[in-house]
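Shown next, in structure tokens, is the structure this report addresses.
The values are calculated or read from the model by the stated rules, or taken from the named source; none is laboratory data. As the structure is a computational prediction, the values presented were derived from the model and not from experiment. As a convention, Cβ positions derive from the backbone with ideal geometry for all residues, glycine included, and neighbour counts pool all protein chains shown. These area figures cover heavy atoms from the full protein model, side chains too; ligands, DNA and RNA do not enter into them. Shrake-Rupley method; radii C 1.70, N 1.55, O 1.52, S 1.80 Å.
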Amino acid sequence: MQFQQLMYFVAVAETRHFTRAAEEVHVSQPSLSQQIRALENELGAELFSRARGNITLTDAGEALLPLARRILADADTARHEVQELAQLRRGRVRLGATPSLCTGLLPDVLRTFHDQHPGIQLLLEEGGSHDLVRELARGALDLALVVLPLPAASPALTTVELLQEDLVVVSSAEAPRPGKGASVRIADLQGEPLVMFRHGYDLRELTVAACRAEGFEPSFTVEGGEMDAVLGFVRAGLGVAVVPSMVAIRTGHGLRTTRLAPPGLRRTIALAHRSDVAPPRAARELQRVLLASRPDGLGRSNPSGS
């Protein structure tokens, strides 16, 4: 008894027509009939009654049908499970993330994932949350790290909150500390030269909105940079910048970090994927590593699940 024969038998049983069944399984009708006859010979019983072209199941066929369906389903499950395991030995994950997360959170997480699954290729795309949501919607990404809340017109996405992170002010170590004392208020940034990210950065929108909420327009000395460029300009003394605390921890020499006075500024990072498509096994494994690596000790950054 062969799986192919059982597949042909189930197709005929469901269509009650040899020609239509042959079309469904993409085989010629004579070949399908021959395999059905061989199955009947092996079992020693006719499976179909073929009286006057009316195809019905015999008692033997009725008994075989649920068993054949179960065997084929079990075979498909076995095939799927093996393929899922194989995906963790080879394959790829397409991950999108904001540039600040590429600098702060991801290096350690991706190192852990690569150590566990060295055969999986990691494809990383940097962008703002709006761009990443669009790439998720068109199927160009498996997962994305985005800033909540999502844009109002976002497609149906499933999000899991990963962490809440404080924003801080970085300035040149050689320049005077912004504000007064050990912290700086948003209002203290009025008239302070700011190094600002390009349009589309979530940090730009958040900083500008906070300044306007305090009744002033921020003053830019340089704008349009990516994260590394912004930090470099600040280090050179061109101004200050508002950045995530995880980034500030990794900035190295030449920069000073000043926390924002309460209530400060925080942002919520979430892991997102399309709701209508389950991520592949390798992407689900990366999701597990990300959720297990939620940072607990970064200032006031506390993980929060949803």
Q) Looking at THR98, THR15, THR58, which one is modelled with pLDDT under 95, open to solvent by less than 40 Å² (accessible area, probe 1.4 Å), over 45 Å from the mean Cα position of the chain (by Cα) and on the phi < 0 side of the Ramachandran plot? A) THR58
Q: Say whether the condition of being free of Cβ contacts under 8 Å to residues at least 12 places away in the same chain and open to solvent by 20 Å² or more (accessible area, probe 1.4 Å) is met by at least one residue in region 230-238.
A: yes
Q: Need at least 2 residues that are more than 30 Å from THR268 (Cβ to Cβ) per element, so show me which helices (runs of 4 or more DSSP H) inside region 43-150 make the cut, counting only ones lying wholly within it.
A: 59-87
(Q) Quick check on region 191-211: of everything there that is within 21 Å of ARG266 (Cβ to Cβ) and part of a loop (DSSP other than H, G, I, E, B), which residue is modelled with the lowest pLDDT? (A) GLY200
(Q) Being open to solvent by 90 Å² or more (accessible area, probe 1.4 Å), free of Cβ contacts under 8 Å to residues at least 24 places away in the same chain and within 30 Å of GLY119 (Cα to Cα) is the requirement here; does ARG79 meet it? (A) yes
Q. When you look at ARG177, is it more than 26 Å from LEU148 (Cβ to Cβ), touching a residue at least 40 places away in the same chain (Cβ under 8 Å), open to solvent by 30 Å² or more (accessible area, probe 1.4 Å) and under 34 Å from the mean Cα position of the chain (by Cα), yes or no?
A. no
Q: Report the residue count in region 268-280 for those that are touching a residue at least 24 places away in the same chain (Cβ under 8 Å) and either surrounded by fewer than 19 Cβ atoms within 10 Å (Cβ to Cβ) or assigned to a loop (DSSP other than H, G, I, E, B) (or both).
A: 6
**Q.** Every residue from region 214-251 that is assigned to a helix (DSSP H, G or I) and either charged (D, E, K, R) or within 18 Å of ILE186 (Cα to Cα) (or both)
**A.** ASP228, VAL234, ARG235, SER245, ALA248
Q) Would you say GLU42 is open to solvent by 40 Å² or more (accessible area, probe 1.4 Å), touching a residue at least 40 places away in the same chain (Cβ under 8 Å) and over 43 Å from the mean Cα position of the chain (by Cα)? A) yes
